[in-house]
Amino acid sequence: AEEELAKRDDHKLFVLGELGRHYFEQKGINIDKQFHFVVQDPSLSRARRIAEDLLKLYHANELDELYIIYTTMVNAMQEEAQVAQLLPLKKADFKIPVPIDIPLEGLSLKPSAEEVMDHIVPNYVVVEAFSCEQNARMMAMEGATNSAKQMLKELDIEYNRARQAAITQEITEVIAGAKSQKKKKK
C-alpha cells in the first residue's frame, strides 16, 4: 500500500479494519475514511455499503481511479498482497470469446457486466481478505500449540530426569546407611 501511495501525488486512502488503521496512523499516513468492524465481521451488506460510498465518490469525480489492495491466500502457509484496479472498468478485462455462430447483435448480458461487478467484487475482496486474516490467525495458533507441545515434552523429560536423580540419590543414601550399620555391628 505504501508503494502504491508513493506512486501518486494526489491520493485518498480508505482502510478496512483496525490493523490497517493502526499501521497507517503509526506511519503518519493520512486516512481519508476508515471502515470499522468490516474485517472482523464481513457481510454482503457491509461490502455493498462500502462499494456504494466509493462509487458515489467516483461518480462525483472525486476519484479518477479506484484501486484495491488486499491479501490473497497462496496456500495455508503463504499470503500475497494484490493490487487490482476496480475503476474505471477496462474493456480489455471483459474480453469473452463469443462463439462464431452467434451474431454480436443478438448477444445481450443480463444483468450487465457493471451490475455483476458492483455486486461481486466488493463481496469477494472483503471475504478474501477476511479469509487471509483468519488463516494467519490459525497458523499462529497452530505454531503456538506446536511450540507448547514441544515445551511440555522437554519439561516432561527434564522432570523425569530430576525424579530419577532424586530416587537414585535416595537409594544411594539408603545403601550407604545400611553399609554403615553393618560396619557398626561388626
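The values are calculated or read from the model by the stated rules, or taken from the named source; none is laboratory data. Computed from a predicted structure; not experimentally measured. No Cβ is skipped: glycine too gets one built from the backbone with ideal geometry, and neighbour counts run over all protein chains shown. Each accessible area value is taken on the protein alone, full model and side chains, heavy atoms only, with ligands, DNA and RNA left out. Shrake-Rupley method; radii C 1.70, N 1.55, O 1.52, S 1.80 Å.
Within segment 55-70, the set of residues being open to solvent by less than 50 Å² (accessible area, probe 1.4 Å) and part of a strand (DSSP E or B) comprises Leu66, Ile68, Tyr70. The number of residues in segment 6-52 that are part of a helix (DSSP H, G or I), buried (at least 17 other Cβ atoms within 10 Å of the Cβ) and free of Cβ contacts under 8 Å to residues at least 60 places away in the same chain comes to 2. For segment 14-33, a tally of residues being farther than 16 Å from Phe130 by Cα and of a type outside the set (D, E, K, R) returns 9. Count of segment 101-142 residues, restricted to those that are of a type in the set (Val, Ile, Thr), open to solvent by 60 Å² or more (accessible area, probe 1.4 Å) and modelled with pLDDT of 75 or more, is 1.
Within the set Asn123, Asn160, the sole residue that is part of a helix (DSSP H, G or I) and under 30 Å from Tyr70 (Cβ atoms) turns out to be Asn123.
For segment 56-73, what are the residues that are within 28 Å of the chain's Cα centre (by Cα) and more than 15 Å from Asp32 (Cβ to Cβ)? Selection gives Tyr70, Thr71, Thr72, Met73.
When segment 49-81 is limited to residues that are closer than 15 Å to Glu128 by Cα and charged (D, E, K, R), the one that is modelled with the highest pLDDT turns out to be Glu80.
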